[in-house]
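A.B. asks: Starting off with a structure, shown below.
The values are calculated or read from the model by the stated rules, or taken from the named source; none is laboratory data. Given the structure is predicted, the values throughout are model-derived calculations rather than measurements. Note that we place each Cβ from the backbone using ideal geometry, even for glycine, and neighbour counts take in every protein chain shown.
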Amino acid sequence: MTDISDATSRITLRQRRGRRRRMVLLSSLAAVLVVVGVLAWLLFGSAVLGVRSVEVYGAKLVAAAEVQRVAGVPDGLPLARVDLDAVATRVSGLPPVAKVSVARQWPNTIAVRITERTPALAIETPGGYWIADDQGVIFDSAGKAPHGVLPAKVPTGDPRLIRDLATVLRALPSDVRDRVREGGAATPDSIAFELTGGVQVVWGSAEESELKAQVLSRLMLTSYRVYDVSAPSNPVTK
(Lines give C-alpha, C1' and ligand atoms only; values in the text may rest on other atoms or scores of the structure.)
Protein backbone atom coordinates (compact mmCIF):
# COMPACT_ATOMS: atom_id res chain seq x y z
CA MET A 1 0.00 0.00 0.00
CA THR A 2 1.40 3.41 -1.09
CA ASP A 3 2.21 5.78 1.74
CA ILE A 4 -0.16 8.76 1.63
CA SER A 5 2.60 11.21 2.57
CA ASP A 6 4.76 10.01 -0.36
CA ALA A 7 1.88 10.51 -2.84
CA THR A 8 1.22 13.98 -1.46
CA SER A 9 4.89 14.88 -1.84
CA ARG A 10 4.94 13.76 -5.48
CA ILE A 11 1.80 15.77 -6.27
CA THR A 12 3.25 18.84 -4.60
CA LEU A 13 6.50 18.41 -6.54
CA ARG A 14 4.64 18.17 -9.85
CA GLN A 15 2.64 21.28 -9.01
CA ARG A 16 5.81 23.20 -8.19
CA ARG A 17 7.42 22.10 -11.42
CA GLY A 18 4.27 23.10 -13.33
CA ARG A 19 4.33 26.54 -11.71
CA ARG A 20 8.02 26.95 -12.55
CA ARG A 21 7.36 25.99 -16.21
CA ARG A 22 4.51 28.50 -16.40
CA MET A 23 6.67 31.20 -14.86
CA VAL A 24 9.50 30.47 -17.30
CA LEU A 25 7.03 30.51 -20.20
CA LEU A 26 5.49 33.78 -19.04
CA SER A 27 8.93 35.31 -18.52
CA SER A 28 10.01 34.23 -22.03
CA LEU A 29 6.81 35.62 -23.55
CA ALA A 30 7.28 38.90 -21.70
CA ALA A 31 10.88 39.11 -22.97
CA VAL A 32 9.71 38.49 -26.56
CA LEU A 33 7.04 41.17 -26.23
CA VAL A 34 9.62 43.62 -24.93
CA VAL A 35 11.95 42.87 -27.85
CA VAL A 36 9.09 43.20 -30.35
CA GLY A 37 8.04 46.47 -28.75
CA VAL A 38 11.58 47.87 -28.92
CA LEU A 39 11.92 46.82 -32.56
CA ALA A 40 8.56 48.35 -33.43
CA TRP A 41 9.58 51.57 -31.74
CA LEU A 42 12.90 51.60 -33.60
CA LEU A 43 11.17 50.99 -36.94
CA PHE A 44 8.09 53.17 -36.64
CA GLY A 45 8.57 55.63 -33.82
CA SER A 46 12.23 56.50 -33.57
CA ALA A 47 14.56 58.66 -35.65
CA VAL A 48 17.34 56.11 -35.12
CA LEU A 49 16.23 54.44 -38.37
CA GLY A 50 14.89 57.69 -39.78
CA VAL A 51 15.60 59.36 -43.11
CA ARG A 52 18.90 61.18 -43.21
CA SER A 53 19.35 61.39 -46.98
CA VAL A 54 17.46 61.02 -50.26
CA GLU A 55 19.81 59.72 -52.95
CA VAL A 56 18.89 60.43 -56.58
CA TYR A 57 20.13 58.27 -59.47
CA GLY A 58 19.76 58.85 -63.22
CA ALA A 59 19.03 62.59 -63.11
CA LYS A 60 20.63 64.62 -65.89
CA LEU A 61 17.97 66.91 -67.30
CA VAL A 62 16.45 67.58 -63.89
CA ALA A 63 18.57 68.61 -60.91
CA ALA A 64 18.92 66.11 -58.09
CA ALA A 65 17.97 68.87 -55.64
CA GLU A 66 14.69 69.39 -57.48
CA VAL A 67 13.93 65.66 -57.33
CA GLN A 68 14.63 65.69 -53.58
CA ARG A 69 12.36 68.70 -53.10
CA VAL A 70 9.49 67.15 -55.04
CA ALA A 71 9.97 63.78 -53.31
CA GLY A 72 8.99 65.57 -50.11
CA VAL A 73 10.43 63.07 -47.62
CA PRO A 74 10.75 64.71 -44.17
CA ASP A 75 14.16 64.43 -42.56
CA GLY A 76 14.05 62.04 -39.61
CA LEU A 77 10.83 60.31 -40.65
CA PRO A 78 11.20 56.60 -39.80
CA LEU A 79 12.19 54.76 -42.96
CA ALA A 80 9.47 52.18 -42.44
CA ARG A 81 6.80 54.89 -42.51
CA VAL A 82 7.83 56.43 -45.84
CA ASP A 83 5.09 55.95 -48.44
CA LEU A 84 7.21 54.83 -51.39
CA ASP A 85 4.33 54.90 -53.88
CA ALA A 86 3.44 58.47 -52.93
CA VAL A 87 7.05 59.56 -53.37
CA ALA A 88 7.19 57.89 -56.80
CA THR A 89 3.94 59.58 -57.84
CA ARG A 90 5.24 63.01 -56.89
CA VAL A 91 8.56 62.54 -58.68
CA SER A 92 6.88 61.15 -61.81
CA GLY A 93 5.14 64.52 -62.15
CA LEU A 94 8.43 66.14 -63.17
CA PRO A 95 8.29 66.63 -66.98
CA PRO A 96 11.66 64.97 -67.81
CA VAL A 97 10.85 61.83 -65.79
CA ALA A 98 9.62 58.83 -67.81
CA LYS A 99 9.91 56.18 -65.09
CA VAL A 100 10.75 56.23 -61.39
CA SER A 101 11.33 53.67 -58.65
CA VAL A 102 11.75 54.38 -54.95
CA ALA A 103 13.30 52.05 -52.38
CA ARG A 104 14.49 52.01 -48.77
CA GLN A 105 18.20 51.61 -48.17
CA TRP A 106 18.65 50.76 -44.52
CA PRO A 107 19.38 52.26 -42.15
CA ASN A 108 18.80 55.87 -43.18
CA THR A 109 18.44 56.40 -46.95
CA ILE A 110 15.66 56.65 -49.52
CA ALA A 111 16.88 55.85 -53.05
CA VAL A 112 15.08 57.46 -56.01
CA ARG A 113 16.02 56.01 -59.40
CA ILE A 114 14.66 57.79 -62.46
CA THR A 115 14.70 57.15 -66.19
CA GLU A 116 14.48 60.37 -68.12
CA ARG A 117 12.60 60.89 -71.37
CA THR A 118 14.58 60.52 -74.59
CA PRO A 119 14.40 63.50 -76.99
CA ALA A 120 12.73 62.62 -80.29
CA LEU A 121 11.24 65.88 -81.62
CA ALA A 122 12.44 69.48 -81.50
CA ILE A 123 9.36 71.65 -82.08
CA GLU A 124 10.28 75.03 -83.55
CA THR A 125 8.99 78.06 -81.61
CA PRO A 126 9.73 81.80 -81.89
CA GLY A 127 12.14 81.57 -78.95
CA GLY A 128 13.84 78.26 -79.69
CA TYR A 129 12.61 74.68 -79.51
CA TRP A 130 10.35 72.56 -77.35
CA ILE A 131 11.80 69.10 -76.83
CA ALA A 132 9.38 66.15 -76.91
CA ASP A 133 9.86 62.41 -76.53
CA ASP A 134 8.59 59.69 -78.88
CA GLN A 135 5.18 59.87 -77.17
CA GLY A 136 4.87 63.56 -77.99
CA VAL A 137 5.33 64.65 -74.36
CA ILE A 138 7.07 68.03 -74.12
CA PHE A 139 9.59 67.94 -71.30
CA ASP A 140 12.37 70.42 -72.06
CA SER A 141 13.37 73.42 -74.17
CA ALA A 142 16.51 74.42 -76.03
CA GLY A 143 17.93 77.30 -78.02
CA LYS A 144 18.59 75.01 -80.98
CA ALA A 145 17.56 71.53 -82.01
CA PRO A 146 19.79 68.94 -80.29
CA HIS A 147 21.92 66.75 -82.53
CA GLY A 148 20.07 63.63 -83.63
CA VAL A 149 16.65 65.03 -82.73
CA LEU A 150 14.16 65.64 -85.53
CA PRO A 151 13.29 69.32 -86.06
CA ALA A 152 9.55 69.80 -86.59
CA LYS A 153 7.17 72.64 -87.30
CA VAL A 154 3.79 72.72 -85.56
CA PRO A 155 2.74 76.36 -86.00
CA THR A 156 -0.17 76.15 -83.56
CA GLY A 157 1.84 74.35 -80.87
CA ASP A 158 -1.17 72.05 -80.46
CA PRO A 159 -0.17 69.18 -78.10
CA ARG A 160 -2.44 66.82 -80.04
CA LEU A 161 -0.56 67.54 -83.28
CA ILE A 162 2.74 66.97 -81.51
CA ARG A 163 1.49 63.60 -80.22
CA ASP A 164 0.26 62.68 -83.71
CA LEU A 165 3.61 63.64 -85.19
CA ALA A 166 5.35 61.42 -82.64
CA THR A 167 2.98 58.55 -83.48
CA VAL A 168 3.90 58.81 -87.16
CA LEU A 169 7.59 59.11 -86.41
CA ARG A 170 7.46 55.83 -84.46
CA ALA A 171 5.66 54.15 -87.37
CA LEU A 172 8.11 55.23 -90.07
CA PRO A 173 10.29 52.43 -91.45
CA SER A 174 13.76 52.74 -89.91
CA ASP A 175 15.47 53.34 -93.26
CA VAL A 176 13.05 56.20 -93.94
CA ARG A 177 13.30 57.61 -90.43
CA ASP A 178 17.06 57.83 -90.80
CA ARG A 179 16.60 60.04 -93.88
CA VAL A 180 14.10 62.47 -92.35
CA ARG A 181 15.43 66.02 -92.16
CA GLU A 182 12.29 67.77 -90.92
CA GLY A 183 8.69 67.05 -90.07
CA GLY A 184 5.65 69.15 -89.51
CA ALA A 185 1.90 69.52 -89.31
CA ALA A 186 -0.34 72.58 -89.47
CA THR A 187 -3.53 70.53 -89.04
CA PRO A 188 -4.28 66.94 -87.96
CA ASP A 189 -4.55 65.91 -91.63
CA SER A 190 -1.39 67.57 -92.93
CA ILE A 191 1.51 65.64 -91.38
CA ALA A 192 4.45 65.60 -93.79
CA PHE A 193 8.21 64.97 -93.82
CA GLU A 194 11.13 66.18 -95.85
CA LEU A 195 13.82 63.57 -96.51
CA THR A 196 17.41 63.99 -97.63
CA GLY A 197 17.69 65.02 -101.25
CA GLY A 198 14.52 67.10 -101.03
CA VAL A 199 12.21 64.08 -101.17
CA GLN A 200 8.74 64.77 -99.72
CA VAL A 201 6.52 62.33 -97.84
CA VAL A 202 2.88 63.39 -97.44
CA TRP A 203 1.37 61.38 -94.58
CA GLY A 204 -1.92 63.08 -93.85
CA SER A 205 -3.35 62.12 -90.44
CA ALA A 206 -1.85 59.75 -87.88
CA GLU A 207 -4.60 57.23 -88.58
CA GLU A 208 -3.60 53.94 -90.25
CA SER A 209 0.06 54.78 -89.69
CA GLU A 210 1.17 51.15 -89.76
CA LEU A 211 -0.54 50.57 -93.11
CA LYS A 212 0.88 53.81 -94.49
CA ALA A 213 4.37 52.73 -93.42
CA GLN A 214 3.99 49.43 -95.29
CA VAL A 215 2.75 51.20 -98.41
CA LEU A 216 5.57 53.74 -98.24
CA SER A 217 8.20 51.00 -97.99
CA ARG A 218 6.91 49.42 -101.19
CA LEU A 219 6.65 52.73 -103.02
CA MET A 220 10.19 53.72 -102.13
CA LEU A 221 11.57 50.74 -104.03
CA THR A 222 11.24 53.15 -106.96
CA SER A 223 12.68 56.69 -106.82
CA TYR A 224 10.26 59.62 -106.85
CA ARG A 225 10.32 63.17 -105.52
CA VAL A 226 6.98 62.93 -103.72
CA TYR A 227 5.34 60.00 -101.94
CA ASP A 228 1.77 60.67 -100.84
CA VAL A 229 0.34 57.94 -98.60
CA SER A 230 -2.36 60.07 -97.00
CA ALA A 231 -4.87 57.70 -98.64
CA PRO A 232 -2.98 54.39 -98.30
CA SER A 233 -5.41 52.49 -100.53
CA ASN A 234 -4.75 55.00 -103.31
CA PRO A 235 -1.18 56.35 -102.90
CA VAL A 236 0.30 58.94 -105.24
CA THR A 237 3.88 59.37 -106.42
CA LYS A 238 5.40 62.18 -108.46
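A.B. asks: Just need a number here: residues in segment 66-84 that are under 25 Å from Asp140 (Cα atoms) and surrounded by fewer than 15 Cβ atoms within 10 Å (Cβ to Cβ). Talk me through it step by step, then tell me what you get.
C.D. replies: At the first step, the residues of segment 66-84 found to be under 25 Å from Asp140 (Cα atoms) are 66-72.
Filter once more, so that each one left must be surrounded by fewer than 15 Cβ atoms within 10 Å (Cβ to Cβ): 66, 69, 72.
Final tally of qualifying residues: 3.
A.B. asks: Looking at this structure, is Gly183 assigned by TED's automatic domain parsing to the domain that holds Ser217 and touching a Pro at 6+ places or on another chain (Cβ under 9 Å)?
C.D. replies: Here the answer is yes, as Gly183 does meet what is asked.
A.B. asks: List the number of the failed condition for Gly183; all other conditions in (1) free of Cβ contacts under 8 Å to residues at least 60 places away in the same chain; (2) of a type in the set (Gly, Ala, Ser); (3) under 19 Å from Leu121 (Cβ atoms) hold.
C.D. replies: Gly183 satisfies all of (1) free of Cβ contacts under 8 Å to residues at least 60 places away in the same chain; (2) of a type in the set (Gly, Ala, Ser); (3) under 19 Å from Leu121 (Cβ atoms) except (1).
A.B. asks: Continuing with this model, one more query. How about segment 196-231: which of its residues are touching a Ser or Thr at 6+ places or on another chain (Cβ under 7 Å) and aliphatic (A, V, I, L, M)?
C.D. replies: Matches in segment 196-231: Val202, Ala206, Leu219, Val226.
A.B. asks: Give the residue that is nearest to Leu221 (Cα to Cα), with candidates limited to residues of segment 124-175 that are outside any strand (DSSP E or B), touching a Pro at 6+ places or on another chain (Cβ under 7 Å) and hydrophobic (A, V, I, L, M, F, W, C).
C.D. replies: Val149
A.B. asks: Condition (residue is in a loop (DSSP other than H, G, I, E, B), among the aromatic types (Phe, Trp, Tyr) and either out of contact with any Cys (no Cβ under 8 Å at 6 or more places or on another chain) or outside the structural domain of Tyr129 (by TED's automatic domain parsing) (or both)) applied to segment 223-231: is it met by at least one residue?
C.D. replies: Taking segment 223-231 as the starting set, the residues that turn out to be in a loop (DSSP other than H, G, I, E, B) are 223-225, 229-231.
Next, from what is left, pick out any that are among the aromatic types (Phe, Trp, Tyr): 224.
Still in the running and either out of contact with any Cys (no Cβ under 8 Å at 6 or more places or on another chain) or outside the structural domain of Tyr129 (by TED's automatic domain parsing) (or both): 224.
Within segment 223-231, one or more residues are in a loop (DSSP other than H, G, I, E, B), among the aromatic types (Phe, Trp, Tyr) and either out of contact with any Cys (no Cβ under 8 Å at 6 or more places or on another chain) or outside the structural domain of Tyr129 (by TED's automatic domain parsing) (or both).
A.B. asks: Which one of Pro151, Pro126, Pro107, Pro173 is of a type outside the set (Lys, Arg), assigned by TED's automatic domain parsing to the domain that holds Ser230, touching a residue at least 24 places away in the same chain (Cβ under 8 Å) and loosely packed, with under 14 Cβ neighbours inside 10 Å?
C.D. replies: After applying the criteria, what remains is Pro173.
For every residue, the table says whether it meets (1) crowded, with 18+ Cβ neighbours inside 10 Å; (2) closer than 17 Å to Val168 by Cβ; (3) of a type in the set (Gly, Ala, Ser).
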position: Ser190; (1), (2), (3): no, yes, yes
position: Glu194; (1), (2), (3): no, yes, no
position: Gly197; (1), (2), (3): no, no, yes
position: Trp203; (1), (2), (3): yes, yes, no
position: Ala213; (1), (2), (3): yes, yes, yes
position: Leu221; (1), (2), (3): no, no, no
position: Arg225; (1), (2), (3): no, no, no
position: Val229; (1), (2), (3): yes, yes, no
position: Val236; (1), (2), (3): no, no, no
